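Chemist: Handing you a structure now.
Read the figures in this text as sums done on the coordinates, not as results from a lab. In this text the structure is predicted, and so the values were computed from the model without any measurement. Quick reminder, even Gly has a Cβ in these numbers, built from the backbone with ideal geometry, and neighbours come from all protein chains shown.
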Amino acid sequence: MLREIISNEWYTILIVLSLCVLTLAKQVYANRFREFLGVVGNSKYLKIYSREKKLFDKFDSLLFLNLIISLSIFSLLCYTTLIDPLLFDIILLVKIALGIGIVLLVKSFLDRIIASLFEINTIIDAYIFQKTSYKNFIGILLLPINVFLVFVIPPNPAIFYVILGVLILINLIGLITSIKSHQKIIIHNFFYFILYLCALEIGPYIILYKLLKDS
C-alpha cells in the first residue's frame with residue numbers, strides 16, 4: 001500500500017534539511033568532519049577535540065540538529081512499524097523532536113550539575129564529549145537509513161530490529177570506550193556508577209518512551 005504523498009513531502013523536506021546541515025558542517029569544519037567519521041573504534045578524534053571542548057561548540061551543535069531531525073523521523077517510522085500504525089502527522093513529529101532535544105539537553109545539564117557537586121568536571125566533561133560524539137555519529141548514520149526506509153524499501157519489523165541492534169551496538173561501544181578511559185575511578189565508585197546509569201542513562205529514555213506512547 002502506497003504511503004500518502006504529503007508524508008513523503010514532509011520527509012523529503014526534513015531529510016534535505018538534515019543534508020544541508022551536514023553539508024554546512026563538512027564545508028566549515030572539513031578536517032574535523034573527516035576525522036569525526038572515524039570516531040567509532042578510534043579514539044584519535046576524542047583525544048584531540050576533547051581538549052578543545054567548549055560549552056557551546058558550533059560543530060557539535062550542527063551535528064546535534066541533524067541528530068534530532070534524523071532520530072525523530074526514525075522514531076516515528078519505528079513506532080508506526082513496530083507498535084501502532086499511525087498516519088503521518090507533522091505536529092506529532094515536532095513533538096517527538098522537541099521531546100528528544102529536551103531530554104538530551106536536560107541529561108547533559110544534569111551531568112554538569114553532578115560534576116560540579118562532586119568536583120569532577122574534567123572527567124564528566126570528557127564523558128559528555130564521548131557520549132555526544134557517538135550520538136552525533138548515530139545521527140549521521142540515520143540519514144541514509146531514513147532515505148531507504150522512506151523512499152526505497154517498505155519498512156518491516158525485521159529491518160527495524162536489525163537497525164536498532166546496530167544502533168545499540170554503537171552506543172555500547174561508546175559506553176565501553178568511556179568505561180575504559182575512566183576504569184580506575186569507576187572501580188572505586190562502582191555503586192555510584194550503577195546508580196548513575198539507572199538514573200541518568202536508562203531512566204530518561206523510559207520516560208521519553210512513555211511520553212511518546214501517551215501522546
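Chemist: Step through the table entries Lys131/Lys184; Lys135/Lys180; Lys95/Lys131; Lys131/Lys180; Lys44/Lys131; Lys47/Lys107, compare each Cα-Cα distance with 21 Å, and write down the pairs that go over it. Mind showing how you got there, number by number?
Modeler: Details: Lys131/Lys184 19 Å; Lys135/Lys180 18 Å; Lys95/Lys131 24 Å; Lys131/Lys180 14 Å; Lys44/Lys131 15 Å; Lys47/Lys107 23 Å.
Beyond 21 Å between Cα atoms: Lys95/Lys131; Lys47/Lys107.
Chemist: Which of Lys44, Lys26 has the fewest other C-beta atoms within 10 Å, and how do the rest follow up to the most? Intermediate results must be reported in sequence, preceding the final value.
Modeler: Details: Lys44 10, Lys26 15.
In order of increasing Cβ crowding within 10 Å: Lys44, Lys26.
Chemist: Also: Can you put Leu46, Leu167, Leu82, Leu63 in order of Cβ neighbours within 10 angstrom, beginning with the fewest? Walk me through the numbers before you get to the answer.
Modeler: Details: Leu46 20, Leu167 17, Leu82 14, Leu63 23.
Lowest count first: Leu82, Leu167, Leu46, Leu63.
Chemist: Another question about this same structure. Name the shape class, rounded, prolate or oblate, that the alpha-carbon gyration tensor gives for the range 9-108, where a ≥ b ≥ c are the square roots of its eigenvalues, rounded holds for a/c under 1.5, and otherwise prolate holds if a/b is larger than b/c and oblate otherwise.
Modeler: Details: a/c = 2.22, a/b = 1.90, b/c = 1.17.
Verdict is prolate for the range 9-108.
Chemist: For Ser72, Ser178, which order do you get if you count the other beta carbons within 10 Å of each Cβ and list the fewest first? Display every interim value, and only then the final one.
Modeler: Details: Ser72 23, Ser178 20.
Going from sparsest to densest Cβ surroundings: Ser178, Ser72.
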